[in-house]
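Here's the structure, in structure tokens; my notes come after.
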Amino acid sequence: MATSNDIVTATKVQEEQNVLISEREIFDQCGPVHLTAIDWENVAHRRSVAASLVQGVYILERDKQEKQKGSQALAPPWWRHFQFELYRVLVDDVDSCIFGAIYKFAPSKSYFGGSNDNSQRFVIAFRGTLTKGDAFSRDIQLDVHILRNGLHQTSRFETAIQAVRHVVATFGSSSIWLTGHSLGAAMAMLAGKTMAKTGVFLDAFLFNPPFLSAPIERIKDKKVKHGIRFATSVITAGLAFAAKHKNVNNQSGDTFVALSAWTPCLFVNPSDPICAEYIGYFEHREKMDTMGAGVIEKVATQHSLGGLVLNFMGKECDEPLHLIPSANLTVNLTPPSDFKGAHGIHQWWKPDLLVESKKHQFT
């Protein structure tokens, strides 16, 4: 039975946690306040702004849950600091939670030194899974849909893609960003892939996007790691050739080539098992090409081994979300303190961030 001391201790711990959560939500305390003027050609500035706008969606839902309105709301500074305004919130029709937002760039005259910029700039941002509050159960359901390659069948994604299509149809595609974190990155990636298939290529900033695969990247022995990837590539390419010869229904390859012109920006942390496999996914392509096995890998990288096996068994398998032909991959080389640090959105606007970036173009 809990004693009065236990209750007091638990209450103090909860209060400390609440203070910590609140501090991480307050822009002036943990946001990129060092960015007083944005250089839109600076990749670090663009990354920081995109990540902050995603954080704004997280806080929008938290404000809603805590009934924080007006001057008590913590979300607005996350977009107002960068001269954005909230154009529209995106609400899940199942649990009525806020999962996304559309921001409109609305700079003041002084922001441009007195000149006007008439170009339209919109950012469509999606948050990831909330581990507390009313949205938790619905978010977990969406995470399961990602594991089953079924995110495209959910009502949340339908709401998201309708919003993207509306903004593109109304304002054009040249100045629209997609961005998201974790579950939200998966949502943004799927929206980007869907639009790319129609010839509309949107700039995308995807933070810690899920990659569904065995955790090969966590193997320390490089020879073992490469051996596993090489064997997987050979088997996958062989099954793909066999499927084509037997006319087994598998359109992943055709879709993959069609998407090659779309180059989203992926931001991953090697200590985050949710997204770390993107590192090996792209590095392995180059290694295979150097070995003279580029033809094998060019076929293998377009297909999912599990999907091919299911197709041979006569079962339909939806296209895996993580299969993308091209990307600007940015890896955070700063050692994290824990998993939350490796997977969290906060890492991506730190001014002292040590990153390595490389463009991978499928040809």
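The values are calculated or read from the model by the stated rules, or taken from the named source; none is laboratory data. None of these values were measured; they are calculated from a predicted model. Please note: Cβ atoms are built from the backbone with ideal geometry, for glycine as well, and neighbour counts cover all protein chains shown. These area figures cover heavy atoms from the full protein model, side chains too; ligands, DNA and RNA do not enter into them. Shrake-Rupley method; radii C 1.70, N 1.55, O 1.52, S 1.80 Å.
Values computed for the structure shown
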{"quantity": "Matching residues in segment 136-149 - criterion: being open to solvent by less than 70 Å² (accessible area, probe 1.4 Å) and either of a type in the set (Lys, Arg) or not in a helix (DSSP H, G or I) (or both)", "calculated": "138, 149"}
{"quantity": "Any hit, segment 301-321, residues being surrounded by 16 or more Cβ atoms within 10 Å (Cβ to Cβ), among the aromatic types (Phe, Trp, Tyr) and either in a loop (DSSP other than H, G, I, E, B) or at pLDDT below 90 (or both)", "calculated": "no"}
{"quantity": "Qualifying residue in segment 230-247 (condition: open to solvent by less than 10 Å² (accessible area, probe 1.4 Å) and at pLDDT 70 or above)", "calculated": "no"}
{"quantity": "Residue, surrounded by the most Cβ atoms within 10 Å (Cβ to Cβ), within segment 67-113, restricted to residues that are assigned to a loop (DSSP other than H, G, I, E, B) and at pLDDT below 90", "calculated": "107"}
{"quantity": "Candidate set from segment 30-66 (those that are farther than 20 Å from residue 357 by Cα and charged (D, E, K, R)); member that is surrounded by the fewest Cβ atoms within 10 Å (Cβ to Cβ)", "calculated": "66"}
{"quantity": "Number of positions in segment 150-181 that are outside any loop (DSSP other than H, G, I, E, B), out of contact with any strand residue (DSSP E or B) (no Cβ under 9 Å at 6 or more places or on another chain) and open to solvent by less than 20 Å² (accessible area, probe 1.4 Å)", "calculated": "3"}
{"quantity": "Pairs where the first residue, in segment 149-162, is in contact (Cβ under 8 Å) with a residue 12 or more places away in the chain and on the phi < 0 side of the Ramachandran plot and the second is in a helix (DSSP H, G or I) and not hydrophobic (A, V, I, L, M, F, W, C), C-beta under 6 Å, 6+ apart", "calculated": "151/145; 154/145; 161/194"}
{"quantity": "Enumeration of residues in segment 27-50 that are assigned to a loop (DSSP other than H, G, I, E, B) and more than 18 Å from residue 346 (Cβ to Cβ)", "calculated": "36, 37, 38, 39, 40, 41, 42"}
{"quantity": "Residues of segment 153-200 classified as among the hydroxyl-bearing types (Ser, Thr, Tyr), in contact with a Ser or Thr (Cβ under 8 Å, 6 or more places away or on another chain) and at pLDDT 95 or above, total", "calculated": "1"}
